[in-house]
1. Assuming R0 = 45 Å, can you tell me the calculated FRET efficiency for the pair Asp33 and Phe241, based on Cβ-Cβ distance, to the nearest 0.05?
2. Measuring from centroid to centroid over Cα atoms, what is the spacing of the stretch 357-408 and the stretch 134-153 in Å?
3. Around Ala73, which amide H atoms from residues at least 5 apart in sequence, or from another chain, sit under 5 Å from its own amide H, with H modelled in the peptide plane?
4. Can you tell me the relative contact order of the chain? Whole percent, Cα pairs under 8 Å, sequence separation 6 or more.
5. Counting only protein heavy atoms and using a 1.4 Å probe, what share of the accessible area of the chain belongs to carbon plus sulfur, as a whole percent?
6. Starting at the first residue of the stretch 186-199, write each ³J(HN,Hα) from the Karplus equation 6.51 cos²θ - 1.76 cosθ + 1.60 with θ = phi - 60°, in whole Hz, x for Gly and Pro.
7. What does the charge dipole of the stretch 94-168 about its Cα centre add up to, to the nearest 20 debye, if the Cβ of each Lys and Arg holds +1 and the Cβ of each Asp and Glu holds -1?
8. Sort 74-86, 91-103, 219-231 for me by packing, meaning the mean count of neighbouring Cβ atoms within 10 Å per residue, highest on top.
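The values are calculated or read from the model by the stated rules, or taken from the named source; none is laboratory data. Treat the numbers as computed from the prediction; the structure is a model and nothing was measured. Virtual Cβ from ideal backbone geometry, glycine too; neighbours counted across all protein chains shown. Each accessible area value is taken on the protein alone, full model and side chains, heavy atoms only, with ligands, DNA and RNA left out. Shrake-Rupley method; radii C 1.70, N 1.55, O 1.52, S 1.80 Å.
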Amino acid sequence: MSESRNRAGVRLGIIGLGRGFMLTLPSLLAHPDITLFAACSSRSDARKRFEDDFGGIAYADYDAMLGNADVDAVYVATPHELHMEHTVAALEAGKCVLLEKPMAISLAQATVIVDASKTYGKTVIVGPSHSFDPAVGEALQLIKTGDFGKVKIVQSAYHTNFMYRPRRPEELDTKRGGGVIFSQGAHQFDIARMLAGGVGTSLVGQAGVWDASRHSETAYTGLIHFAGGAVANLTYSGNDFYDSDIELGSVSELGFPKNIDPGASRRMLSRLAGNDEANLKKIRSYQGLEVFRQSRAQTKNAEQNEHFGVWRVSLERADLMVFHDRIEVYHENGKYIHSVEGPAGATRRTVCDALVAAVNKDRTPLQTAEWAIGTLECCEAMIASSTDQQPVPLTLQTPVDGHPNLRF
């Protein structure tokens, strides 16, 4: 019997068996209420492996999968430029959707998704975003107590090798949702909005295409002003120089221990030729459960929570330092540490829980399509501000219920 056949709960259909699916697969396998029931992929080998591994049904055509009434929800994990097409089709078929970030590659496409979610009465959850990380959720709950007053400054500076990992051509094309702004701003802007109350009013920023061979933005920095008086100071660099994970005890973004070697990804890419880079990216897609297990056996399981670097939140009466495993609270009477529970082998349990709850109509998370369009607005505003050297107003923002900055 397959690992998923004896489970009850949400019967999940997946569109796209690529890298996004692979990153979420451990949490899907570990969740007691999710069954890997069906999948759609353009790769015949991936379809065969899915059927063999999970006893599920594999389709070459996503409309055929969506026509299966036994599929309760759909995980859209296809390339960014296909998100709108696949999400709207799933909503039309009456399915709840877990949609990989960014929700789309333009506000026009995102608006179509929001409207379709409302029309068909089905929830779209945009994630897994790092705004689902346990430490971020714990920090928001501390802020919501009101014990420390209003949020004044949110700071994040995260430096990685993101732009020098193996990429497909579209991942290096801003117009197709490539580069650090759409891929990583979708995390960073999302977290900042949550911690600062949600209602951004303007963004001013600067992005850099510092390496012509990578075509798209490799870094950005900016300020987001919020209703209620907060400002977020955000920087992201994917240039493979300094690695911010050293600030978290050399724990990677995905919760694994790592060896930090500045410039290693650049050196690896410099040795590639022709289609080698795109082929390397293909290898990171779904190659079967046995290959997946072997690759995990070569490393430790994720013993720590996922993270997006260290976050600093300055409130009227305290400073919070948000790590992956704890929140350090500094106030007038000294310091205390608020511990954050570890992942117990399923680092993306929170987003899986949110999907199950949405399908069962128990509750919906903050990170719906209506919320996520505000994060995408920040991505487009960063590009526009960098081009025009002017602040860009934000008008598609959603408040965080119970946030002290919005208590007037």
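1. Calculated value: 0.60.
2. Value for the Cα centre distance between the two parts: 18 Å.
3. Arg11, Gly13
4. 21
5. Of the solvent-accessible surface of the chain, carbon and sulfur hold 51 percent.
6. Coupling constants for the stretch 186-199: 4, 7, 5, 5, 4, 5, 4, 4, 4, 6, 9, x, x, 9 Hz.
7. The calculated dipole for the stretch 94-168 is roughly 240 debye.
8. 91-103, 74-86, 219-231
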